[in-house]
Amino acid sequence: MHKLHLVLVEPRIPQNTGSIARTCAVTGAVLHLVHPLGFRIDDAKLKRAGLDYWDKLEILHHESLDAFFAAYPAAAEQNAFFYFTAKTGTLYTDVTYPEETFLLFGREDLGLDEAVLAAHPERCVRIPMRETLRCLNLSNSVAVAAYEVLRQHDFTGLTRDGRLAKSAWEPEHPREYDISQI
């Protein structure tokens, strides 16, 4: 079964981390927090953003990026680390993600350290965006990237069926919509 790890290196904004924690909970991804953090882990804004999902996810803390890398030498050998940055030309959709994948994201204000990026140019990927604007919000970027990895692995372990709360779908008689009338 596919294993997804979302790695936040020195995140600064508690609401972003809370939203990413929620993404981890609903996808089964492991959340790695690389210190120092720009907030306390018991911050009310962080907890509120994650709502009632905190007990449904796995969070691992690492003292530093070096400590994180030291904890996963096999993943490094298997080229399982992918570094998200606006400073490369390789799109996140242009790579094939391995069974165990680690997606690394930097601080909201600085991104990942350029020395880390320069050491792994073949593993640096980006989300396309307009040239004149700043990057996507961190929590949005993480969600976009996570779902690409999950899509490539056929959404293993995730439900595909949705249900209406007060009605039932009628699969025998699907509605056809003429979008020109909308």
Worksheet item: at pLDDT 85 or above, assigned to a loop (DSSP other than H, G, I, E, B) and surrounded by 11 or more Cβ atoms within 10 Å (Cβ to Cβ): does that describe LEU158?
Response: yes
Worksheet item: For the stretch 131-154, which residues satisfy the criterion of being surrounded by 14 or more Cβ atoms within 10 Å (Cβ to Cβ) and farther than 26 Å from GLN15 by Cβ?
Response: GLN152, HIS153
Worksheet item: Among the candidates PRO128, PRO73, which residue alone is in contact with a strand residue (DSSP E or B) (Cβ under 7 Å, 6 or more places away or on another chain) and loosely packed, with under 11 Cβ neighbours inside 10 Å?
Response: PRO128
Worksheet item: For the stretch 127-155, which residues satisfy the criterion of being modelled with pLDDT of 85 or more and in a loop (DSSP other than H, G, I, E, B)?
Response: ILE127, PRO128, MET129, ARG130, LEU136, ASN137, HIS153, ASP154, PHE155
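For (1) surrounded by fewer than 13 Cβ atoms within 10 Å (Cβ to Cβ); (2) more than 20 Å from LEU103 (Cβ to Cβ); (3) among the polar types (S, T, N, Q); (4) modelled with pLDDT of 95 or more, each residue gets a yes or a no:
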{"position": "ALA25", "(1), (2), (3), (4)": "no, no, no, no"}
{"position": "HIS32", "(1), (2), (3), (4)": "no, no, no, yes"}
{"position": "HIS35", "(1), (2), (3), (4)": "no, no, no, yes"}
{"position": "PHE39", "(1), (2), (3), (4)": "no, yes, no, no"}
{"position": "ASP42", "(1), (2), (3), (4)": "yes, yes, no, no"}
{"position": "LYS47", "(1), (2), (3), (4)": "no, yes, no, no"}
{"position": "LEU51", "(1), (2), (3), (4)": "yes, yes, no, no"}
{"position": "GLU58", "(1), (2), (3), (4)": "yes, no, no, no"}
{"position": "SER64", "(1), (2), (3), (4)": "no, no, yes, yes"}
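Could you please let me know if ALA80 is under 13 Å from the mean Cα position of the chain (by Cα) and at pLDDT 90 or above?
Here the answer is no, as ALA80 does not meet what is asked.
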Fill in: One residue from ARG134, ARG107, ARG160 being at negative phi, in contact with a Lys or Arg (Cβ under 7 Å, 6 or more places away or on another chain) and basic (Lys, Arg)
ARG107
Worksheet item: So ALA80 clears everything in (1) surrounded by fewer than 19 Cβ atoms within 10 Å (Cβ to Cβ); (2) without any contact (Cβ under 8 Å) to a residue 24 or more places away in the chain; (3) in contact with a helix residue (DSSP H, G or I) (Cβ under 9 Å, 6 or more places away or on another chain) except one condition, right? Which one?
Response: (1)
Practice prompt. Kindly check whether there is at least one residue in the stretch 85-99 that is surrounded by 21 or more Cβ atoms within 10 Å (Cβ to Cβ), modelled with pLDDT of 95 or more and either acidic (Asp, Glu) or not in a loop (DSSP other than H, G, I, E, B) (or both).
Written response: no
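The values are calculated or read from the model by the stated rules, or taken from the named source; none is laboratory data. The shown structure was predicted, so the numbers you read here are calculated from the model rather than taken from an experiment. Positions of Cβ are backbone-derived with ideal geometry, glycine not excepted, and every protein chain shown enters the neighbour counts.
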